[in-house]
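Notes for the one structure printed next.
The values are calculated or read from the model by the stated rules, or taken from the named source; none is laboratory data. Values in this document were obtained by computation on a predicted structure and should not be read as measured data. Counting neighbours? That spans all protein chains shown, and the Cβs are built from the backbone with ideal geometry, glycine included.
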Amino acid sequence: MKYFEDFKLGEKEVTRGRTITEADVTMFAALSGDWYPLHIDEEVAKKTIFGGRIAHGFLVLSVASGFVTPYETALIAFYGMDKVRFTGPTRLGDTIHLETEVAELKDKGDFGVVSSQWHVKNQRNEDVAICLIKVAVSKKPKK
C-alpha cells in the first residue's frame with residue numbers, strides 16, 4: 001500500500017494507452033447529456049477548425065483518470081483539479097495515454113494531498129489535455 005509519506009516530489013509515471021472510439025463518444029454524450037454537434041455530427045464538425053468530430057474534453061479526462069491505479073494507493077478521495085486546458089483535439093481513433101509528475105505534497109494533519117501534473121498525450125506524443133490533479137491520501141497507520 002502506498003501512503004502519503006511514500007510519495008516523492010518529481011515522481012513520474014507513464015501509463016498504458018487506450019483508443020477513443022465512436023462508442024466512447026456516443027456513450028459519454030448519452031451519460032452526460034452533452035450532444036454538442038462538434039462531438040456527434042460529422043457534417044457540422046467538418047465545418048469547424050477541427051475539420052471533423054472530436055471527443056469531449058471531459059471524456060478525455062475521464063478516460064485518463066482510469067489509467068491511474070488508486071487500488072495500490074491509500075486513496076481517500078478525489079480532492080480537486082486546477083489549471084485544466086485542452087491543448088489539442090482528441091479525434092475518434094486516437095490512442096491516448098497519461099504522463100504524470102508529483103508536483104506538490106501538502107500535509108493536512110489527518111491526511112495528505114498529493115498534487116500531480118497530468119499530461120494526456122495522443123499517439124504522436126502531443127499534449128491534448130493538461131491539468132493539476134489533487135487527491136487526498138491516507139497517512140501511514142500509527143503503530
*Output the residue which, of all residues in region 48-103 that are touching a helix residue (DSSP H, G or I) at 6+ places or on another chain (Cβ under 8 Å), assigned to a loop (DSSP other than H, G, I, E, B) and of a type in the set (A, V, I, L, M), is surrounded by the most Cβ atoms within 10 Å (Cβ to Cβ).*
ALA55
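Looking only at region 34-44, filter to residues that are closer than 25 Å to SER65 by Cβ and not hydroxyl-bearing (Ser, Thr, Tyr); which one of those is surrounded by the fewest Cβ atoms within 10 Å (Cβ to Cβ)?
My answer is TRP35.
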*Take the residues in region 1-33 that are surrounded by fewer than 16 Cβ atoms within 10 Å (Cβ to Cβ) and of a type in the set (Asp, Glu), then tell me which one is farthest from VAL135 (Cα to Cα).*
GLU22
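Residue by residue, here is whether (1) closer than 12 Å to ILE20 by Cβ; (2) within 15 Å of the chain's Cα centre (by Cα); (3) among the acidic types (Asp, Glu) holds:
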position	(1), (2), (3)
VAL60	yes, yes, no
VAL63	yes, yes, no
THR69	no, yes, no
PHE78	no, yes, no
VAL84	no, yes, no
VAL102	no, yes, no
LYS106	no, no, no
ASP110	no, no, yes
SER115	no, yes, no
_Residues of region 112-143 satisfying the condition of being closer than 17 Å to LYS8 by Cβ and in a loop (DSSP other than H, G, I, E, B)_ = LYS139, LYS140
_Residue within region 97-114 that is under 24 Å from LEU31 (Cα atoms) and among the aromatic types (Phe, Trp, Tyr) present_ = no
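Before we move on, is VAL14 assigned to a helix (DSSP H, G or I), modelled with pLDDT of 95 or more and under 29 Å from SER116 (Cα atoms)?
It is false that VAL14 is assigned to a helix (DSSP H, G or I), modelled with pLDDT of 95 or more and under 29 Å from SER116 (Cα atoms).
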*Do we find that ASP41 is at pLDDT 95 or above and under 19 Å from the mean Cα position of the chain (by Cα) in this structure?*
no
*Do the conditions hold for SER32, that is, is it closer than 30 Å to LYS140 by Cβ and among the small types (Gly, Ala, Ser)?*
no
_Odd one out for LYS143 among (1) free of Cβ contacts under 8 Å to residues at least 12 places away in the same chain; (2) touching a helix residue (DSSP H, G or I) at 6+ places or on another chain (Cβ under 7 Å); (3) not hydrophobic (A, V, I, L, M, F, W, C)_ = (2)
_Report every pair of residues separated by at least 6 positions or lying on different chains whose Cβ atoms are under 6 Å apart, first residue within region 24-51 and under 19 Å from GLY93 (Cα atoms), second small (Gly, Ala, Ser) and not in a helix (DSSP H, G or I)._
VAL25/ALA55; ALA45/GLY52; LYS46/GLY52
*So how many residues does region 117-143 have that are more than 13 Å from the chain's Cα centre (by Cα) and surrounded by 20 or more Cβ atoms within 10 Å (Cβ to Cβ)?*
1
